[in-house]
Amino acid sequence: MRILVNYELASGQKVNVGKCSTSFSPRTSWDTRQHILGVLGMIEVRDQGKYLGLPSQVGRTKKEFFCYIQGKVDARISGWKGKLLSSAGKEVMIKSVTSAIPNFVINCFKIPLGTIDDLNMTMEKFFWANGDGEKGIHWMVWDKVCEEKANGGLGFKDLE
């Protein structure tokens with residue numbers, strides 16, 4: 001409690017213990033949990049949920065944990081697959097929508113490279129797909145497409 005009091009004095013903010021909760025490591029003993037909860041006057045929660053659309057805690061299986069990003073990108077792209085978009089239209093779609101979805105999460109968490117590779121592959125397949133949404137010919141290596149336009153690329157962002 002002394003740390004919370006010092007925080008309140010230093011910041012000028014008052015901690016509302018009625019709105020606060022805490023969580024513990026699975027290895028924390030029941031007695032230790034009860035002692036800390038009694039001192040702080042808070043409740044224990046097992047799942048912190050999401051804050052600003054992001055998970056509050058990340059477990060050990062990060063690839064499975066961040067698969068929801070891939071689902072969001074897939075959902076957004078699936079709505080556009082049947083449309084007849086030109087290459088320029090696909091470029092705008094990828095730059096403004098598809099690559100923007102994971103940007104906030106990538107700025108907050110270190111996402112597994114496998115997940116990033118999957119997202120890059122999804123954008124690549126969407127860009128090269130023909131009008132029916134079927135697999136198309138890859139006319140250029142994706143790394144080259146991700147280079148700046150001044151260097152001969154299209155300026156896509158490689159999420160890695």
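The values are calculated or read from the model by the stated rules, or taken from the named source; none is laboratory data. What you are looking at is a predicted structure, and each value in this text was computed from that prediction instead of being measured. Methodologically, a virtual Cβ is constructed for each residue, glycine included, from the backbone with ideal geometry; neighbour enumeration extends over all protein chains shown.
Out of all the residues in segment 28-65, which are more than 19 Å from VAL17 (Cβ to Cβ), small (Gly, Ala, Ser) and either surrounded by 11 or more Cβ atoms within 10 Å (Cβ to Cβ) or modelled with pLDDT of 75 or more (or both)?
Residue satisfying the conditions is SER29 alone.
Can you name the residue in segment 98-127 that is in contact (Cβ under 8 Å) with a residue 12 or more places away in the chain and closer than 16 Å to LEU154 by Cα and is also surrounded by the fewest Cβ atoms within 10 Å (Cβ to Cβ) among such residues?
Ranking the candidates gives GLU124 first.
Hand me the list of helices (runs of 4 or more DSSP H) wholly inside segment 66-127 holding 3 or more residues that are at pLDDT 80 or above, of a type outside the set (Phe, Trp, Tyr) and more than 10 Å from the chain's Cα centre (by Cα).
67-81, 87-93
For segment 128-160, name all the residues that are of a type in the set (D, E, K, R), modelled with pLDDT under 80 and either surrounded by fewer than 11 Cβ atoms within 10 Å (Cβ to Cβ) or within 16 Å of MET93 (Cβ to Cβ) (or both).
If the condition is that a residue be of a type in the set (D, E, K, R), modelled with pLDDT under 80 and either surrounded by fewer than 11 Cβ atoms within 10 Å (Cβ to Cβ) or within 16 Å of MET93 (Cβ to Cβ) (or both), then ASP132, GLU134, LYS135, LYS157 are the ones that fit.
Which ones in segment 128-152 are over 17 Å from VAL73 (Cα atoms) and part of a helix (DSSP H, G or I)?
Once the filter is applied, which keeps residues that are over 17 Å from VAL73 (Cα atoms) and part of a helix (DSSP H, G or I), segment 128-152 yields TRP142, ASP143, LYS144, VAL145, LYS149, ALA150, ASN151.
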